[in-house]
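The values are calculated or read from the model by the stated rules, or taken from the named source; none is laboratory data. No experiment lies behind these values; they were computed from the predicted model shown. Here Cβ is always computed from backbone atoms with ideal geometry, including for glycine, and neighbour counts include all displayed protein chains. Heavy atoms of the whole protein, side chains included, go into the accessibility calculation; ligands, DNA and RNA do not. Shrake-Rupley method; radii C 1.70, N 1.55, O 1.52, S 1.80 Å.
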Amino acid sequence: MRKLSRNPLQEAILKCLVVGSMTAAMNAFADCNVIYGVHDEGLNDSQFVTIDRNTYAVTPLGPMHSGHDIEGLDMNAAHELYGSSGDDPSGFPAGHLYKISTADGSVQAIGDICFDVRGTKSCGTEVSALSFNPTNDSLWAWSEECGLVRVNAADPANSTLEMPYSTDDFVACMANDTPKKRQRYTSTIEDLSWSDDGKSIYYANGDKVYVYTPVDGAIVGPLGGKGLGGNVETVEMLPNNDGTLLLIVDGSSQLYELDIDTEIVSNIDGSNIRPYTDIEAVAACVDDTVPPSPPPQISSCPDDSNLIAKFEWNGSSYVFEKPEANNDTITITGDATGGTWSTTTADISYVILKGGTNTGSYAPSSAQGEAFANTSIPVNGGGNVPDISNIQFCGAVEEVEPEPEPEPEPEPEPEPEPEPEPEPEPEPEPEPEPEPEECEVEEPTSDWLYAKDYVGDATGNSKLEIYSTAVKLDGDTITVAINSNMSPEDPLMYKGENVNFTDYVFDFNGTKYAVHFAPDNDSGANAGVGLYEVTKFKDVTKKNSGWSKFKKYNRGNLGDLPIRNDYFSWTASRSVPQEIDSGNKVAGDDYTRLTGTELTNMGLDLPGQTGKYTFGFSFTKTADMEGDFVSYVFTECINDGIAMVNTLPAPMDTQSCPEPEVTPEPEVTPEPEVTPEPEVTPEPEVTPEPEVTPEPEVTPEPEAPVAEDTDYVAQINPSEGSATVDGDVAEWDLNADLSANMCTAGSVGSDGNCAGNGKVNLSDLYSRYDCATNTMYVLVLENSPYQAEKSNDDAWVTIGGNSNKVVKGGDSNFSWVEDNTGRAIGYEASFPLEDGDVQVHLNVSNNTSSTGKNGDTAKIIRPASCPAPVASSSEPAPAPKGKKGKK
């Protein structure tokens, strides 16, 4: 890659390279299971490579091509690979177009890329990027001195400068073979890639990625709002891959992906492209032979399966962990490097092996059992295969017959006992009174129930913002109102896909219904709009380019539910029960669509800020739709959503009406007899209550320091156990040991979630407590896409306040955790703690990331299995030295 600071070198004399015997090799069909790349060795030596799309293993393709200085690379619709040269070749032409064999990496010269600039033909510029438009297969390039070029692939000397770009009045662009003038760069764009629809161009400039739309000249970015911490040399749109850009940073062995919709950049687990860490460009193709699933690296069971069993390696055997009901489903033997498993009651579709920070997954050849090995796990930063720390088995259990359990429901029959309610029957006397009619007047009206959503938490597009929802019960009719910037008739169109509302779900203590009200969403409701009794829900976020899990969305609360809650899974991928997959439409539901005006006439008075649309619907409820409920609706991409947690009263009936027998309470009017209660005036005798004055004994309320708990931003519940503070996280369970969110500036709310505008979950805290030694162990890891900063002064833990740092960067009981590239991603530490409260701190992405603000501390809740702490001297316990933890 050309560096701006290097000294100008002599450019080679332009010439054409004639290769006579390459035609057959050039026609070799590309292998679409791999990504093709070109690595820059030194100044201008080019090595073609292939990157496996499943394992990310990098393999050289053919020999090193000395002096070629290949900078751009892409593949056309016929799967033919093309490359372009920069302006630093030695013995070969600058700004030249080549055709590259996908069989052996050999190159065939096509011609110089030339174009007219102000009446002068310009050749030999640095062509740093190539990209074929997927809709018409036209070839486009970036000339660093001149701008965006449409390349004539058959006759590159007659190409066209489509978008001139220069900051030096095109002096460098028209200098042609004058080396010194050519060093005056007018841009630092390293790579570009057309979008899947052929309408936009994504490009890398320095450490940032932008998108350019030729039709209107609009430029948006940087995507994600920040740089990637290094010069981005490669941008490649992966075809048929949900709008994902593959990114490579100069000098990094880690691959990155950028989700176009969410603008989130994340590491690709298991990727390690050493020793080819200066890849200038890549090209990918897709055909029907490429297996799309399972994903090469999944850490939890995919949508089409459930977790059947998870086992932890405890150092000597595999111990069943969860789910509790399946403890006898799978038999497993072996050690940390491998073994065998078998089952007779389930069909296993995926096996997930965890080791260190990496995960390996595969579909077994037999659904009932086979061997497994840690070789399925990608190598760690040292190039070694990690030991297995846990195994997950995904699939479907055959015996799902527990449903007959509802048979014991006849027990509730004794409920008729409350029939003694007919006692009110003796009150038929008042019946002759017209009072029951009054009851009927009060009966039909009930108040609206409201849920207000956090404003500004929609991502991707403000049209996806949901402001509030309301529910009203009138007799047997339930009415729902929604306020949003979008309506079912005016959904968001994204990449040609209609992103609408999900179905509106009602959950009455496990009995689930959904209202299909957006006719053209992706619901499986097959009988039109209305109320359905649901047998199975599905997640449609992938189809709608949405967030894969709530942990990644992590914005404002979901109405009545905090974003991190016990109802929706925080970490499960593509698992939101948001739309009907299968179910039965309720007969006679009387579904009716309602306008905002109609809802207002029904007394709707929405709280807080409102959006562009108010709309809703009503339907006749079923008999079991009463009592406590959770209801919710999302946009199909879950870029926003709202939930209500409330209670629907049972409708009043004519029998319950007579309860206004309370009217006889006026008989209680004789209570005025109680008026003699003024005799109670002698209560002044109670004046002796001053005896209660001894209540100052309550002064011991200083015990109320328990109220100090209100000072704790959130409690930390460590697992029982220990760890070795050595920077190796293989022994940690990143699910069971997760203890707290660490937020921007320590802005953690009482529910443990990040609170306040712009405050996000920058890093995560994992912890363990050794009861025998009263030692606390902590692991802090960055939360992608945010990046930890390796600063000893900013990595620390305090007890009781910021002035008492018990461990900090550089101490003997502290160790930085690094990824495969050697970049610090967090730290491990240990410290003595018999009782008390802590604050854990790390700097992440130019912000402080902490469990609390200045002075705020988080209460440590010792594991229940630990004995109560024994009072000790004021001498602090010595820090453990090299204590070995589980591996």
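Compute the FRET efficiency between T135 and T511 as 1/(1 + (r/R0)^6), taking r as their Cβ-Cβ distance and R0 = 45 Å, and round to the nearest 0.05. Between T135 and T511 the formula returns 0.40. In region 495-543, the portion of solvent-accessible area held by carbon and sulfur atoms comes to 43 percent [1.4 Å probe, whole percent, DNA, RNA and ligands not counted]. Put a dot 7 Å past the Cα of A154, heading toward its Cβ, do the same for D490, and the two dots end up 4.9 nm apart.
Using a probe of 1.4 Å on the protein chains alone, the accessible area found for Y202 is around 20 Å².
Give me the base-10 log of I(q)/I(0) for region 79-179 at each q in 0.12 Å⁻¹, Debye formula, one uniform scatterer per Cα, rounded to two decimals. One equal scatterer on each Cα of region 79-179 leads to -0.36. Extension gain, D335-D207: 0.36 nm per intervening residue step, less the Cα-Cα distance, totals 41.7 nm.
For region 720-814, the equivalent ellipsoid derived from the alpha-carbon gyration tensor has semi-axes of 22, 16, 15 Å in decreasing order.
Between R593 and T55, full extension at 0.36 nm per residue minus the direct alpha carbon distance yields a gain of 188.6 nm. Listed values for region 365-373 are Karplus-derived 3J(HN,Hα) couplings in whole Hz (6.51 cos²θ - 1.76 cosθ + 1.60, θ = phi - 60°), namely 6, 10, 6, 9, x, 5, 7, 9, 8, and x replaces Gly and Pro. Cα-based values for region 754-810, radius of gyration first and Dmax second, are 13.6, 42 Å. Residues in region 490-582 average 38 Å² of solvent-accessible surface per residue, probe 1.4 Å, ligands and nucleic acids excluded. The alpha carbon convex hull volume per residue for region 55-119 rounds to 132 Å³. In this structure the amide hydrogen of V760, modeled in the peptide plane, comes within under 5 Å of the amide hydrogens of T744, none closer than 5 places in sequence on its chain. The average projected area of region 445-575, computed from the convex hull of its Cα atoms over all directions, is 8.7 nm². Distance from the alpha carbon centroid of region 32-102 to that of region 249-286 works out to 16 angstrom. Take 93-102, 71-80, 163-172 and order them by the average number of nearby Cβ atoms within 10 Å per residue, most first; the result is 93-102, 71-80, 163-172. Once both labels are positioned 7 Å from their Cα atoms along Cα-to-Cβ, the gap between K536 and D835 label points is 5.4 nm. Each residue of region 509-514 is assigned a 3J(HN,Hα), and the resulting list reads 6, x, 8, 10, 10, 8 Hz, derived from the Karplus form 6.51 cos²θ - 1.76 cosθ + 1.60 (θ = phi - 60°), x at Gly and Pro.
Length gained on full extension, D624 to N327: 103.5 nm, using 0.36 nm per residue less the C-alpha separation. The listed residues W816, W547 rank as W816, W547 when sorted by accessible area, largest first, using a 1.4 Å probe. Rolling a 1.4 Å probe over the protein heavy atoms leaves K853 with an accessible area of roughly 100 Å². Reducing region 337-361 and region 144-158 to their Cα centroids gives an inter-centroid distance of 51 Å.
Residues whose amide H lies under 5 Å from that of T775, counting only those 5 or more places away or on a different chain, are D770, L833; hydrogens are built 1.01 Å from N in the peptide plane. Karplus-derived 3J(HN,Hα) values for region 245-250, using 6.51 cos²θ - 1.76 cosθ + 1.60 with θ = phi - 60°, are 9, 8, 10, 10, 9, 3 Hz; glycine and proline are entered as x. Distant-in-sequence amide contacts of L492, defined by a placed amide H-H separation under 5 Å and a gap of 5 or more residues or a different chain, comprise V499.
In the context of the full protein assembly, D269 retains an accessible surface of approximately 80 Å², using a probe radius of 1.4 Å and ignoring ligands and nucleic acids.
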